[in-house]
Each structure stands twice: as C-alpha cells, then as structure tokens.
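Asker: Take a look at the following structure, please.
The numbers here are math on the coordinates, done by the rules we state, and not lab data. Computed from a predicted model, the values in this text were never measured in an experiment. We place every Cβ from the backbone using ideal geometry, glycine too, and count neighbours over all the protein chains shown.
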Amino acid sequence: MTKYLLYCLLLLGCMACNNRSEVPSSHTHLLPSQFFNIDTRTDTVLKTTKGASIYIKAGAINTTTGHTVALEVKEAYTIADIVRAGLYTRSNGQPLSSGGMIYIAPINKLDAAVVKPIGVKLPAPFITKGMQLFKGEYTKDSSINWTDPQDLVPDEETALLSAGQTIFQQNCSPCHAIDKRLTGPALLHTTARHSFQWLEDYIVNNAAVMARGDCYANQLFEEYNKVAMTLYPGLKGAPMHELLAYIENESKRIDLAGYERAGHAVDSCAAYLRVLKKLQHQKDSLLLDNGKSVTVQNRDTLPLENGPGFKVRPAESVTYNSYYNFEINTFGWFNIDLLLDGKPEYVKSMLTVRITGTITENTKVFMVIPQDKVYLFGVLHEANNNEYYFLTPDGQIPLPQRRKAYVIAADESEDALLFGTTVFETSLSQQVNVTLAPSDKDAFNRFTQQLEGTGFSLKAVDTKNAKDIRGLDSLLNAAAALKPVGVDCGCGGDTARWPDTPAPAPGK
Ligand code: HEC
C-alpha cells in the first residue's frame, strides 16, 4: 500500500514537471497572411506588404498538376509581431536574437516543391554581422524550433558595410569609437544629426568647414580643447558612402530608438527655427512699418497641430532600407538569427524571475528584449517554486547589457485570466519580480501594442492651446512650444546655419 502511494506521488510529481516545462505553443495564425498566385513557368518577383522581396525563377517550383501555385506568406519583423505569434527565438534551447522571420508555403498544391533556390530579401532597420538563416521546425508541442543555420548570401550591402568598417578602423578608430568618447566625440547617430554633405565636407577637411564660419564645427573644436582632427581628402566620394553607411548601421544597431530620436530632434529644431525666423521677420517689419497691418501668418502653415516636439512614429510605418539576403530550398518558416552564446556583445549574465501570486501549471513566463528581438519563455525552477529561469536552472544566460527588457507572466484558466508585466534594464545579475493579477483578455494585446512603439517613447509637446493663439507675440510664444524639449537647437538658434549645424544629440 505504501509502495503504491509512493508510486502515485512520483507519477503526480512527474506530470507536474512535464506540464510546467512544457513549451508554450506558437500562434502564427494570428499573423495576417498574404496570398500570391504564381505561374511556375515564368520568373516572378513578389513584393510583400512589409517590404520583403521574393525572387522565384521560372521552374523553381515544381508541381505535378498544372502550372499555377498559390503561395501564402506571413512576416514577423517587429518584436510585437514576434510576441503576438509566439515565435520564440531559440534554437535547440539556445537563445537567439532575430533579424526577422518569414513564412512561405503553397496552399493549394501540396505536392509543390522548391527545385531551384528561391531568393529572399528581408527588410531590417540595420544589419547585424554574423546573422544566419535558420529553418523553422514545428515541435510536437506545436511551437517552432529554429534549426540548421546557414550563412546568408553575400550582397552589396554587407560588402559596403565591411568596406566602411575597414576605413573606420584604419583611419578613425585611433580617435573615435561609435559609442564612447575618446580623443574625439562618440560618432553615435552623427549621420542622423548631420547631412551627408556636411559630414563629407567635415571629414575631408574639418579646418575648411571651421574657416567658412560653421558655428557647430567651431564650438566642437573649442569643446575638444582645440585638438585638430586629421584631414581626409582621399575619402571623398565612394569611400565616404561606405564609411558613413557603416557609422549609420552601427549607430542603429547600438541604439535604434536613439537614432530615430536624434533624427526627430533635428527635424523639430529645423521646424522650430523656421517658424521662429518667419515670425521674427514679421515682427521686425511690423515694428518698421509702425502700425501698418501685417497679415498674421496663416496658422495652417505652422506645424503647430502636429509638428512640435518629437513625433511618435509607430514602428510599423518605418521603412527599412537595409536587407538580409538569403536563398531557400524548401517551404516553411525562416528566421534570420544570431546565437547569443559566444558573441562578444552578449555577456554571461544571471537572470531569474520571481512571481508574486499563485503559480499554477498553466502559468507561463516570458522575456522580451525589443532591440535585439529576443523572445524567450521561462522554465519553473524545480526547487524554488516561484522562480523561473530562461536557459539553465542557475539563471545563467548570455544577455546584451543595459537594454530595455520586459518580463511577462500570464495564467489562463477557463474562467480567469491573470497577467503581469515588469519592465527592467538588463544587467549582469538580477532578479525581476512580476505580479500575476486578475486581468482581461485585452491586456496582452495592449502590451504588444506598447511593444510596437518601444523605441519611440518620447511624447510630443502639447500644443492644444495653439488654436487660441492671436497676434504675433502669442504666435512667438507658441513657437517656443515647438522647441524640442531637452535639446539644444544649437548655435543660439542661428537659422542661417541650420540645418547643416544641428543640435548635439539629446542625452542617451
Ligand atoms: C587625431 C584624432 C582624430 C582622428 C584620427 C579622427 N578624428 Fe574626428 N574628431 C576628432 C576631434 C578631436 C573632434 C572634435 C572636434 C575637434 O576638436 O577637431 C572630431 C570630430 C569629428 C566629427 C564631428 C562629430 C559630431 O558628430 O559632431 C566627426 C563626424 C568626425 N570627427 C569623424 C571622423 C572620421 C569619420 C574619422 C576617420 C575618417 C575621424 N573623425 C578621424 C579627432 C579625430
């Protein structure tokens, strides 16, 4: 009898651990599908709604019945899509950082097979060196495991970036790093803050730019204790494009949100200074004419309603101008990925999650790092019954440092839904607490919507009062509201020197 009881308990225990370590399933049906009818006898290029291109050569798809095949395509390039579809970024248990995922498969001719490689270009906000193509395999718990990594097809863009990297290392790295100040300033986001022309002039001959009276260049020279930067006449033209493409790509890779912000700050400063200049001109002529009526600037031409401050641009509307190039030899899910383990940027760290609230066998814990497109599920610690880990039970996991990250806990039973999320910044060792609290089924959707705009958290300056503005002085006051918060528009608002001498980047 005792023996029987023990057996029972063991069995129960085992069932519990099976349940608890069960991989949460993917729900790719939540991603919208696009359908394309292909004539397999002709060359076809498909353009997807989110900007991917699929190159299908004549005869690349073989089917025994007829010549038309209907293809279904699904795309997940943003972290919000990845989370929504439950597309965990892991390869045989190891964490990955994704560059984007795509699904291509026939819906009518199930015998259709890829007999010649199909070329795919996947849009990305920036290129990460060392990304590989992983094939998605459905596991028995209907989640996707990414396997069989292959190198990407070498292309012009990667060639451009590595040429730029070589130029940077040979010429600039003695004095500059992208992300920290050395002898010269950090070059992070410099391409968002200056025009190509200004940068080319400056890098080729910074002394000439200062000599032409450029206020920003002169201020910078003072700030850096009059250390003269080398002249690079040889970098004019093609090498400059390579060099600046590299600096731009690195900046976005290190801090995509900051890149957008720096660009918006320049736009906002330009808008602010433009309005200021116009108004001051009107005021000047008003004073000159002393009383003669002046047409008050049509408010519609002022960017007051939608222009001021930093605009919050939804991630979806950002058009990416970088691409990952690869070829596929079969249908299904594909993922452009980097294994976190062993990459210098991903530091050996400790991360565990502690849940406040009742944990059941349905409790699921997830972690999201938007910038690196990392989406992992947690495993309940066998000994510590309210603690979850993501890779090994001791909590070790390679992580990028100082990144905004989220932990999510959810529990769903037939009559109740519990949900909780905590935002944190990744560091070497930490325990993140999440509280499971009663919630509704929209909570998860609201959370993913919030992820959508992750990088773009700055709020626009409130200008609701702008409608009531009368007269030039109040317009001038209103113009002050256009001035971006926390940004020095540079050089005393000297519009003559704008926008080639824009503001320094807002503090990171
Ligand atoms: C000898 C050291 C030195 C070298 C080498 C050097 N720089 Fe500089 N750079 C500086 C210093 C110092 C400044 C700040 C202005 C000053 O004091 O001249 C600067 C400023 C800049 C700026 C303006 C930064 C901004 O965004 O406001 C850019 C852009 C720049 N450098 C790019 C480059 C590039 C690209 C190279 C390589 C082709 C390079 N520099 C090589 C020292 C150097």
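Asker: From the backbone phi of the stretch 130-137, what are the Karplus-calculated ³J(HN,Hα) couplings (6.51 cos²θ - 1.76 cosθ + 1.60, θ = phi - 60°) in whole Hz, Gly and Pro given as x?
Answerer: x, 5, 10, 9, 10, 9, x, 10
Asker: Averaging sequence separations of C-alpha pairs under 8 Å and six or more residues apart, then dividing by the length of the stretch 346-452, give the relative contact order as a whole percent. Intermediate values should be presented prior to the final figure.
Answerer: Details: 232 pairs, mean separation 34.3, N = 107.
Answer for the stretch 346-452 is 32 percent.
Asker: Would you mind classifying the stretch 346-452 by shape? Square roots of the alpha carbon gyration tensor eigenvalues, ordered a ≥ b ≥ c; an a/c under 1.5 is rounded, otherwise it is prolate if a/b is larger than b/c and oblate if not. Write out the running numbers ahead of the final one.
Answerer: Values: a/c = 2.34, a/b = 1.28, b/c = 1.82.
Cα axes put the stretch 346-452 in the oblate bin.
Asker: I'd like the FRET efficiency for residue 30 and residue 173, computed as 1/(1 + (r/R0)^6) with the beta carbon distance as r and R0 of 41 Å, rounded to 0.05. The partial results should precede the final answer.
Answerer: Working: r = 45 Å, r/R0 = 1.10.
In this case the efficiency is close to 0.35.
Asker: Quick one: of 252/343; 343/364; 50/364; 135/441, which pairs are farther than 20 Å apart, Cα to Cα? It would help to have the intermediate numbers written out before the result.
Answerer: On the way: 252/343 18 Å; 343/364 28 Å; 50/364 30 Å; 135/441 32 Å.
Over 20 Å apart, Cα to Cα: 343/364; 50/364; 135/441.
Asker: Expressed in nm to one decimal, what extension gain is obtained for the pair residue 431 and residue 241 from 0.36 nm per residue of sequence separation less their Cα-Cα distance? If you can, show how the numbers build up before the last one.
Answerer: Numbers: separation 190, 0.36 × 190 = 68.40 nm, distance 4.43 nm.
Difference between extended and current length: 64.0 nm.
Asker: Hey, another quick one. Between residue 57 and residue 423, what is the spin-label point distance in nm, taking each point 7 Å from the Cα along the Cα→C-beta axis?
Answerer: Between residue 57 and residue 423, the label points sit 4.8 nm apart.
Asker: Treat each spin label as a single point 7 Å out from the Cα along the C-beta direction, and report the residue 362 to residue 350 distance in nm.
Answerer: Once both label points are built, they end up 3.4 nm from each other.
Asker: Using alpha-carbon pairs under 8 Å, 6+ residues apart, how would you state the relative contact order of the stretch 121-279 in percent?
Answerer: Numbers: 150 pairs, mean separation 43.0, N = 159.
Once divided by the residue count of the stretch 121-279, the mean separation gives 27 percent.
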